[in-house]
Each structure stands twice: as structure tokens, then as C-alpha cells.
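Before any comments, here is the structure.
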Amino acid sequence: MITKWTAERMRDVTGKTALITGGNSGIGFEAAKALAARGAEIILAVRNEAKGKEAEKRIKAANGNAKVTIMSLDLSDLSSIRHFTNQFLQQYSSLNLLINNAGVMVPPHSKTKDGFELQFGCNHLGHFALTGLLLPLLMETPHSRVVTVSSIAANSGEIYFDNLDGEKGYSPMKFYRQSKLANLLFAKELQNRLEAAGSTTISAAVHPGISNTNLLSRGSGKEPNALLKFLVKLFSQSAEMGALPTLYAATESIEGGTYIGPDGKAAKKGYPVKDMMGDVLFKADVAEKLWSASEELTKVTYIFKQR
């Protein structure tokens with residue numbers, strides 16, 4: 001009988017430093033709590049510091065020995081990302097794990113402070129900039145990892161290179177799918193470039209299936225209606241289960257570029273396994289074009305130092 005992987009099987013990560021974006025709720029919170037329980041020092045990079053402090057209290061209530069630090073980060077603001085990374089690099093001499101988890105989902109058409117469509121700007125460009133600015137430290141930390149959270153929504157996603165800002169027509173779900181496909185393409189292209197540089201750092205992508213989190217309310221400032229809440233609860237798994245692919249990719253022996261998701265029907269629920277859709281969805285020419293556009297838009301140029 002095959003034993004399903006759960007957080008209880010996660011290896012000890014004492015002494016490791018883990019930075020998690022959007023770790024104050026949902027999948028990010030569950031991942032932070034589980035990693036803290038296994039000894040990792042957790043840095044929660046959050047937009048709302050009050051909610052971050054509340055998450056810190058909850059993590060420490062579950063584990064009195066947990067090491068948790070709250071730092072302010074707004075992924076929809078490049079100046080905030082630069083300020084955050086400058087602070088982080090002053091305070092930390094290593095980074096074992098970066099989990100690009102935060103996101104917004106299906107808000108009305110709106111822009112980031114830098115003029116990007118909100119979902120593409122926050123979910124992809126914000127994490128692209130953050131990872132690039134932290135890359136030197138990641139590559140100096142032996143066997144570090146970058147785990148980027150995508151979505152099964154990426155399966156039907158497309159990158160609208162002629163309409164990245166949504167000014168030529170905007171559909172909330174289409175642009176959410178775009179941002180999540182961008183997450184996957186970024187994670188796999190990052191791995192290709194790390195390999196070419198001979199780095200021990202690896203990049204992986206994950207998706208949580210359909211999980212019951214508060215993602216639908218983010219970005220819009222409104223709670224989803226009662227029927228939508230009911231349907232999400234009926235057809236989804238818990239945030240704790242949804243965090244398993246993230247935890248698996250963060251701690252298990254995997255190959256760089258791996259895409260991890262639930263093992264259930266249509267990858268909607270279940271326990272973490274490799275999802276072959278990652279290889280199906282990855283198109284090298286699209287990923288390279290997206291990378292170039294992302295560097296141009298964020299003004300963050302990745303530097304891969306050869307070992």
C-alpha cells in the first residue's frame with residue numbers, strides 16, 4: 001500500500017530560514033505553521049502587519065518554540081519590494097527557502113502603484129522582482145529553494161503580450177489564469193537558468209488544487225457571496241491540505257523544475273504528487289519572452305553568478 005505524504009512526514013528543518021509571502025492566512029499560513037513546527041525560522045512578508053501579528057500569535061500558540069518575524073511587503077508596489085529586500089539583506093546572511101505564495105484573485109480591473117494590471121502585477125511581477133532581488137543571497141545559500149504557487153487555473157491560461165495591462169479588454173478570470181500561468185512559466189524558466197549557472201539552488205512550482213481559502217475576497221475588498229462561499233466549501237479541500245504541495249516541494253528530495261499538485265481526480269484534491277501538466281504547459285519561447293518582458297517592466301535584472 002502506498003503511503004500518502006502528509007505534513008507529519010516532513011523532515012526536520014531546524015536552522016533553516018524560510019521567507020513566505022502572504023503567510024498570514026490560508027495556504028501560506030498553514031505552510032508557515034508546519035515549517036515552524038519542524039524548526040524553521042519563519043519570516044512572514046505581509047501587506048497587513050496587524051494580520052501578520054495575529055498569524056504570528058496563532059503559530060506560537062500551536063508551538064511555543066516557533067521563531068516568527070513579521071516584515072512589511074506590498075507586492076503591488078515595486079518601491080515596497082525594493083525597500084523590503086534591502087531590509088532583509090541587512091538582517092539575514094542566508095535564505096534557505098523562498099515561498100512565493102501571496103496573490104489576489106478576480107478583482108475588478110485595477111492597477112498596481114506602478115501601473116500594472118493588479119493580478120499580473122501582484123501575482124507574477126511582484127514575485128519576479130522579489131526573487132530577482134533576493135537571488136544573490138539564495139545562490140550563496142547552498143541547496144536553497146524557490147517555491148512558487150501557481151494554480152490549476154493555469155491549465156487554460158494564456159499570456160496576453162499585447163494586452164498585459166488589460167486596457168484592450170479585461171476579464172477577471174482570464175487575467176487570473178494569465179497570472180497563474182506566468183507563475184508556472186517563471187518557476188520552470190528560473191530552474192533552467194539556475195541549472196545553466198551550475199547553482200545548487202532549485203526552483204519548483206506547486207498548485208493547491210481547489211482549496212478553501214480567502215483568496216476570492218482579496219483585491220476586491222469584498223467578501224464573496226454566500227452561495228459562492230457554499231460552493232467553494234462543497235467542492236474544495238481545506239487550506240491545510242492545500243498547503244501540502246508547497247510543503248512537499250519545500251522539504252522533499254525533488255528535481256528542480258518539478259510541478260507538484262494534489263493526486264486526486266483532475267488534481268482538485270488530495271495528497272502531493274508530481275503533476276505532469278507542468279511539462280505540458282511549459283513553452284520555452286513563451287517563457288523566455290515573458291522573462292524579458294518581466295525584467296523590462298520591473299527593471300529587475302537577474303544576475304546568475306557561475307559557480
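The values are calculated or read from the model by the stated rules, or taken from the named source; none is laboratory data. All values derive from a computational prediction rather than experimental measurement. Backbone-built Cβ (ideal geometry, glycine too); neighbour counts: all protein chains shown. Quick note on the areas: whole protein, heavy atoms, side chains included, nothing else; ligands and nucleic acids left out. Shrake-Rupley method; radii C 1.70, N 1.55, O 1.52, S 1.80 Å.
Please specify each residue of the range 115-126 satisfying the condition of being in contact with a helix residue (DSSP H, G or I) (Cβ under 7 Å, 6 or more places away or on another chain) and open to solvent by less than 10 Å² (accessible area, probe 1.4 Å).
Correct list: Glu117, Gln119, Phe120, Asn123, His124, Leu125, Gly126.
Would you confirm whether any residue within the range 35-43 is touching a residue at least 40 places away in the same chain (Cβ under 8 Å), under 19 Å from Ser72 (Cβ atoms), among the hydrophobic types (A, V, I, L, M, F, W, C) and out of contact with any Gly (no Cβ under 8 Å at 6 or more places or on another chain)?
Yes: one or more hits.
Could we say that Lys233 is assigned to a helix (DSSP H, G or I), modelled with pLDDT of 95 or more and either open to solvent by 70 Å² or more (accessible area, probe 1.4 Å) or of a type in the set (A, V, I, L, M, F, W, C) (or both) here?
No; evaluated as a whole, the condition is false for this residue.
Can you tell me which residues in the range 278-307 are crowded, with 17+ Cβ neighbours inside 10 Å and not in a loop (DSSP other than H, G, I, E, B)?
Passing the criteria: Gly278, Leu281, Val286, Ala287, Leu290, Trp291, Ser294, Leu297, Thr298.
For (1) modelled with pLDDT of 95 or more; (2) aromatic (Phe, Trp, Tyr); (3) part of a helix (DSSP H, G or I); (4) open to solvent by less than 40 Å² (accessible area, probe 1.4 Å), each residue gets a yes or a no:
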| position | (1), (2), (3), (4) |
| --- | --- |
| Met139 | yes, no, yes, yes |
| His143 | yes, no, no, no |
| Asp162 | yes, no, no, no |
| Gly166 | yes, no, no, yes |
| Met173 | yes, no, yes, no |
| Ser179 | yes, no, yes, yes |
| Gln191 | yes, no, yes, yes |
| Ser203 | yes, no, no, yes |
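Might you check whether a residue that is modelled with pLDDT of 60 or more and touching a Phe, Trp or Tyr at 6+ places or on another chain (Cβ under 7 Å) occurs anywhere in the range 243-251?
Of all residues in the range 243-251, those modelled with pLDDT of 60 or more come to 243-251.
When the remaining residues are screened for being touching a Phe, Trp or Tyr at 6+ places or on another chain (Cβ under 7 Å), the result is 244, 248.
Within the range 243-251, one or more residues are modelled with pLDDT of 60 or more and touching a Phe, Trp or Tyr at 6+ places or on another chain (Cβ under 7 Å).
Cβ-Cβ under 6 Å, sequence separation 6+ or interchain: first residue in the range 100-113 and more than 15 Å from Ser151 (Cβ to Cβ), partner modelled with pLDDT under 95 and open to solvent by 30 Å² or more (accessible area, probe 1.4 Å). Which pairs?
Note: pairs meeting the criteria are Pro107/Gly219; Pro107/Ser220.
From Lys60, Lys33, Lys111, which residue is among the basic types (Lys, Arg), touching a helix residue (DSSP H, G or I) at 6+ places or on another chain (Cβ under 9 Å), open to solvent by 20 Å² or more (accessible area, probe 1.4 Å) and within 23 Å of Leu185 (Cβ to Cβ)?
The unique qualifying residue is Lys111.
Quick check on my filter: what residues within the range 153-189 are of a type in the set (Lys, Arg) and under 17 Å from Leu75 (Cβ atoms)? Before the answer, list the steps.
Restricting attention to the range 153-189, the residues satisfying the condition of being of a type in the set (Lys, Arg) are 168, 174, 177, 180, 188.
The one that is of a type in the set (Lys, Arg) and under 17 Å from Leu75 (Cβ atoms): Lys180.
Among (1) outside any helix (DSSP H, G or I); (2) under 19 Å from Val146 (Cα atoms), where does Lys33 come up short?
(1)
Go through the range 63-91 and count every residue that is open to solvent by 80 Å² or more (accessible area, probe 1.4 Å) and touching a strand residue (DSSP E or B) at 6+ places or on another chain (Cβ under 8 Å).
So the answer is 1.
Being in a helix (DSSP H, G or I) and either of a type in the set (A, V, I, L, M, F, W, C) or touching a residue at least 40 places away in the same chain (Cβ under 8 Å) (or both) is the filter here; which residues of the range 59-90 pass it?
Selection gives Ile59, Ala61, Ala62, Leu78, Ile81, Arg82, Phe84, Thr85, Phe88, Leu89.
Can you tell me which condition Ser93 does not meet? The list is (1) in a loop (DSSP other than H, G, I, E, B); (2) within 29 Å of Pro272 (Cα to Cα), and all the others hold.
If we test Ser93 against (1) in a loop (DSSP other than H, G, I, E, B); (2) within 29 Å of Pro272 (Cα to Cα), just (2) comes out false.
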